[in-house]
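Peer 1: Starting off with a structure, shown below.
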Amino acid sequence: MHRQPTTPRGFTLIELLMTVAILAVLAAIAAPAFGTLIGHTHDQTARNLLATSLNRARMSAVERRIHVVVCPSADRQHCDATTLWQHGWLVFADMNRDGDRDADDPVLDVLQALPAGTAVLGTAGRTQVVYRPDGSAAGSNITLTICDRSGGASDASTLVVNQAGRLRRGTGTPEALSACLLAAGGC
């Protein structure tokens, strides 16, 4: 009886080690780009969430003919006296127009804290946006600079609310971008 020679099936240890080494090199090359992509995505998400909250607040003020406040809030119940918005923010109807949320002021929207490393920094001295019943914003323009420590200054963006209450994207100043990255933990 004659036996057919069997061909080996599978991979040798050398072939497996070479494959793992090539995958490790490719992963090391791709990791920085992937981190930048994640930072850019965090920036976009934060900007979109904040823009949505601001637009909803303005629409609520006009529809209900009331004053509506958007402010940073870590506890999601009261406004914080800070220009840092990354710990979350609060949108509420300010029935007595005092700028603070009282027990009888209804909450219209609440946003949780942003991912670690993402920061939102408001204009110095501006700790809230107040929309009037006609849709205009009280006070001067406010610029909110959004950044992520892994994205850097090139991925940072801004949202500007003007006195008419309109929201637009803007370009941050180098000082605001540096301060935002510092708040994000990137400097």
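Peer 1: If you line up the long axis of helix 174-184 against the longest principal axis of the chain, both from Cα atoms, how many degrees apart are they, to the nearest 10?
Peer 2: 70 degrees
Peer 1: Please grab the % of Cα pairs in region 69-137 that end up more than 17 Å from each other.
Peer 2: Working: 927 of 2346 pairs.
Tail fraction, whole percent: 40.
Peer 1: Place a +1 charge on the Cβ of each Lys and Arg in region 79-137 and a -1 charge on the Cβ of each Asp and Glu, then give the dipole magnitude about the Cα centre in debye, rounded to the nearest 20.
Peer 2: 280 debye
Peer 1: Quick one: with all protein chains in place, what share of the accessible area of region 98-187 is carbon or sulfur, to the nearest percent (1.4 Å probe)? Numbers along the way, then the final one.
Peer 2: Values: 2130 of 4200 Å².
Whole-percent figure for carbon plus sulfur exposure: 51.
Peer 1: Just to confirm, what accessible area per residue do you get for region 105-157 at 1.4 Å probe, in whole Å²?
Peer 2: Working: 2000 Å² over 53 residues.
I get 38 Å² per residue for region 105-157.
Peer 1: If we sort 51-60, 134-143, 9-18, 96-105 on the protection proxy, mean other Cβ atoms within 10 Å, highest first, what's the order?
Peer 2: Descending mean neighbour count gives 51-60, 134-143, 96-105, 9-18.
Peer 1: Along the charge dipole of the chain, pointing to its positive end and built from +1/-1 on Cβ of Lys, Arg, Asp and Glu, which listed residue (P106, S150, A61) has its Cα farthest out?
Peer 2: S150
Peer 1: Given the convex hull of the Cα atoms of the chain, what is a quarter of its surface area in nm²?
Peer 2: Numbers: hull surface 70.2 nm².
The Cα convex hull of the chain, projected and averaged over all directions, gives 17.6 nm².
Peer 1: Given labels modelled 7 Å from the Cα in the Cβ direction, how far is it in nm from A116 to D134?
Peer 2: Taking the two extended label points, one gets 4.7 nm.
Peer 1: Can you show me the helix-derived [θ] at 222 nm for the chain, built from DSSP H runs with n ≥ 4 at -39,500 (n - 2.57) apiece and divided by the number of residues, rounded to the nearest 500.
Peer 2: -12000 deg cm²/dmol
Peer 1: Can you list, largest first and rounded to whole Å, the semi-axes you get for region 114-180 by taking the square root of 5 times each eigenvalue of its Cα gyration tensor?
Peer 2: Whole-Å semi-axes of the equivalent ellipsoid: 24, 11, 10.
Peer 1: Next question. About the Cα centre of the chain, how large is the charge dipole given +1 on each Lys and Arg Cβ and -1 on each Asp and Glu Cβ? Please answer in debye to the nearest 20.
Peer 2: I would put it at about 640 debye.
Peer 1: Against the longest principal axis of the chain, how steep is helix 13-64, in degrees 0 to 90 to the nearest 10, with axes from Cα atoms?
Peer 2: In the chain, helix 13-64 runs at an angle near 20 degrees to the longest axis.
Peer 1: Still on this model: Within a Cβ distance under 15 Å of C79, other residues only, what is the Lys/Arg minus Asp/Glu net charge?
Peer 2: Local charge sum for C79: -4.
Peer 1: Using 0.36 nm per residue, how much length does the chain from Q163 to A24 gain when fully extended, once their Cα-Cα distance is taken away?
Peer 2: 44.7 nm
Peer 1: Just add up the charged neighbours of L159: K/R +1, D/E -1, any other residue whose Cβ is under 12 Å from the Cβ of L159.
Peer 2: Working: positive: R47, R166, R168, R169; negative: D43.
That sum, taken over residues with Cβ under 12 Å, equals +3.
The values are calculated or read from the model by the stated rules, or taken from the named source; none is laboratory data. On a predicted model such as this, the values are computed, not experimentally measured, just so you know. Cβ sites come from the backbone with ideal geometry, for glycine too, and all protein chains shown count toward neighbours. Only protein heavy atoms, including side chains, enter the accessible area calculation; ligands, DNA and RNA are left aside. Shrake-Rupley method; radii C 1.70, N 1.55, O 1.52, S 1.80 Å.
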